[in-house]
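Asks: Submitted below is the structure of interest, expressed as structure tokens.
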Amino acid sequence: MVRGSALGGVSRAVLCPWFAARGRRIVETTLRRRDLTRPVLRAMACLHRLQQPGPQAGWGLQHLSHTVGGRPAGAPAGARSYEPRSLTTHTTQTNIRQLFHYFRLTGDHDYLRRVPEAIAWLESCPLTSEQKEENPLLKNSTHPTFVELDTNRPRFVHRFGSDIRNGSYYYDHDHRDTLSHYSGGRSVDLPGLKFTYDELMALSRSEVADLRDRSPLTPGGLRELPRYFSVRDLDLTDLFRGADPALPEVTDDQASALVDDLGTKDHWITPIGTTTNPYLGPAPATPYEGMAYMSKHVGDSFDTSPYDPAAPPAEPPYQPHGSAEGITTSACTGNMAKLIAYVAD
């Protein structure tokens with residue numbers, strides 16, 4: 001349930017325990033595989049233990065599985081080439097929410113013990129008004145994505161060049177000209193995190209016991225999964241005993257519009273949204289000194305990264321144009337989920 005890297009990293013597995021718990025419930029209700037409970041609890045313990053010591057009590061995108069260069073196992077590690085070794089604010093927010101789920105699953109207050117430290121760290125490293133004003137890509141964010149270890153300064157990732165052969169990613173403390181395909185800023189809901197923490201801490205013993213009794217990790221009688229199980233995004237609490245996951249609300253007009261759009265076809269045609277350059281072979285190594293690609297999703301014509309055709313780089317041969325239309329799995333599955341919810345209601 002953990003993902004490694006060339007650096008021996010443990011865990012980009014922010015959601016793996018969620019899927020493990022979900023999978024455990026599915027398998028146990030059909031195959032009676034209670035032996036899966038222990039791996040789920042180990043995955044939860046792994047995420048819990050990877051929280052860093054204060055005052056920087058957050059998490060990174062990846063963590064070392066063993067000592068490397070004097071850095072201990074569990075220390076934050078670099079990940080992809082545009083993910084420097086650092087703490088990450090959005091991952092910390094996600095992991096705090098995971099700890100809330102773990103408490104609901106187990107009733108163990110130890111999962112909540114260090115949440116205030118993580119929240120305090122997030123409070124210590126917001127973006128400044130200057131940073132948001134001077135970089136349009138940061139204006140709707142509250143925090144930098146990456147925060148430097150020890151100094152607590154934000155790290156921002158950039159790139160030079162025009163393709164994979166003549167360019168590269170790099171990072172520094174300059175908040176301008178950041179990447180567009182990987183945001184330099186994130187939205188962290190500090191009031192929401194505090195509210196949920198206070199709400200869970202205020203639960204009575206009987207309320208905590210009720211959560212634990214209904215948890216999919218607590219042995220009990222077999223329970224059938226809902227007939228329509230994935231027509232919306234599920235929360236872990238949807239798997240609790242007695243839970244009745246609500247289907248999305250779909251009006252008559254919305255359902256009729258989907259059916260009319262389908263017509264006699266067996267698919268929906270929708271804007272694809274992004275496009276890619278055709279493969280032209282190996283990219284040239286000729287240096288590119290401009291800045292046209294620094295904050296765009298794509299580089300030169302040799303780069304096959306997806307990008308918005310309405311906002312391409314300001315370099316020839318790019319010209320803005322509308323999105324092509326076609327069949328997308330996201331639109332088809334989303335529309336089918338709406339129709340299923342409509343007829344099942």
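The values are calculated or read from the model by the stated rules, or taken from the named source; none is laboratory data. It should be emphasised that the depicted structure is a prediction, and the values quoted were computed from it without experimental measurement. Here the Cβ is made from the backbone with ideal geometry for all residues, glycine too, and neighbour counts use every protein chain on show. Heavy atoms of the whole protein, side chains included, go into the accessibility calculation; ligands, DNA and RNA do not. Shrake-Rupley method; radii C 1.70, N 1.55, O 1.52, S 1.80 Å.
Asks: If you check every pair at least six apart or on different chains, which have Cβ atoms under 9 Å apart with a residue in the stretch 162-177 that is closer than 27 Å to Glu133 by Cα and without any contact (Cβ under 8 Å) to a residue 40 or more places away in the chain first and a residue that is open to solvent by 70 Å² or more (accessible area, probe 1.4 Å) and in a strand (DSSP E or B) second?
Replies: Tyr170/Phe160
Asks: Checking the condition in contact (Cβ under 8 Å) with a residue 12 or more places away in the chain, of a type outside the set (Gly, Ala, Ser) and open to solvent by 40 Å² or more (accessible area, probe 1.4 Å), which residue from Tyr293, Tyr307, Tyr288 passes? Write out each step before concluding.
Replies: Numbers: Tyr293 fails: open to solvent by 40 Å² or more (accessible area, probe 1.4 Å); Tyr307 fails: open to solvent by 40 Å² or more (accessible area, probe 1.4 Å).
After ruling out the rest, the residue left standing is Tyr288.
Asks: Tell me which residues, restricted to the stretch 202-224, are open to solvent by less than 50 Å² (accessible area, probe 1.4 Å) and in contact (Cβ under 8 Å) with a residue 24 or more places away in the chain.
Replies: Of everything in the stretch 202-224, those that are open to solvent by less than 50 Å² (accessible area, probe 1.4 Å) and in contact (Cβ under 8 Å) with a residue 24 or more places away in the chain turn out to be Val208, Ala209, Leu211, Ser215, Pro216, Leu217, Arg223.
Asks: Restricted to the stretch 158-185, and to residues that are of a type in the set (D, E, K, R) and assigned to a loop (DSSP other than H, G, I, E, B), which residue is most open to solvent (accessible area, probe 1.4 Å)? I'd like the intermediate steps shown before the answer.
Replies: Looking only at the stretch 158-185, we keep the residues that are of a type in the set (D, E, K, R), and these are 159, 163, 165, 172, 174, 176-177.
From the residues that got through so far, the ones that are assigned to a loop (DSSP other than H, G, I, E, B) too are 163, 165, 174, 176-177.
Numbers: Asp163: 16, Arg165: 143, Asp174: 54, Arg176: 115, Asp177: 71 Å².
The selected residue is Arg165.
Asks: Follow-up. Can you pull out the residues in the stretch 204-229 that are farther than 26 Å from Arg38 by Cβ and assigned to a loop (DSSP other than H, G, I, E, B)?
Replies: Scanning the stretch 204-229 gives Ser204, Pro226, Arg227, Tyr228.
Asks: Further question: May I ask you to list pairs of residues, at least six apart or on different chains, whose Cβ atoms are under 9 Å apart, with the first in the stretch 319-345 being touching a residue at least 60 places away in the same chain (Cβ under 8 Å) and farther than 30 Å from Ala292 by Cβ and the second being in a helix (DSSP H, G or I) and open to solvent by 50 Å² or more (accessible area, probe 1.4 Å)?
Replies: Going by the 9 Å Cβ cut-off, the qualifying pairs are Asn335/Asp261; Lys338/Gln254; Leu339/Val259; Tyr342/Asp252; Tyr342/Gln254.
Asks: Here's another thing I want to ask about it. What single numbered condition from (1) assigned to a loop (DSSP other than H, G, I, E, B); (2) under 16 Å from the mean Cα position of the chain (by Cα) fails to hold for Gln98?
Replies: The one condition Gln98 does not meet is (1).
Asks: Right, here's the next one. Of all the residues that make up the stretch 310-328, how many are of a type outside the set (A, V, I, L, M, F, W, C), within 25 Å of Asp253 (Cβ to Cβ) and open to solvent by 70 Å² or more (accessible area, probe 1.4 Å)?
Replies: Residues flagged as of a type outside the set (A, V, I, L, M, F, W, C), within 25 Å of Asp253 (Cβ to Cβ) and open to solvent by 70 Å² or more (accessible area, probe 1.4 Å) within the stretch 310-328 amount to 1.
Asks: Within the stretch 298-345, can you find the residues that are part of a loop (DSSP other than H, G, I, E, B), touching a Leu at 6+ places or on another chain (Cβ under 8 Å) and under 30 Å from Phe229 (Cα atoms)?
Replies: From the stretch 298-345, those part of a loop (DSSP other than H, G, I, E, B) are 298-306, 308-324, 327-328, 345; that's our starting set.
Subsequent filtering for residues that are touching a Leu at 6+ places or on another chain (Cβ under 8 Å) retains 301-302, 345.
Scanning the stretch 298-345 gives a single hit, Asp345.
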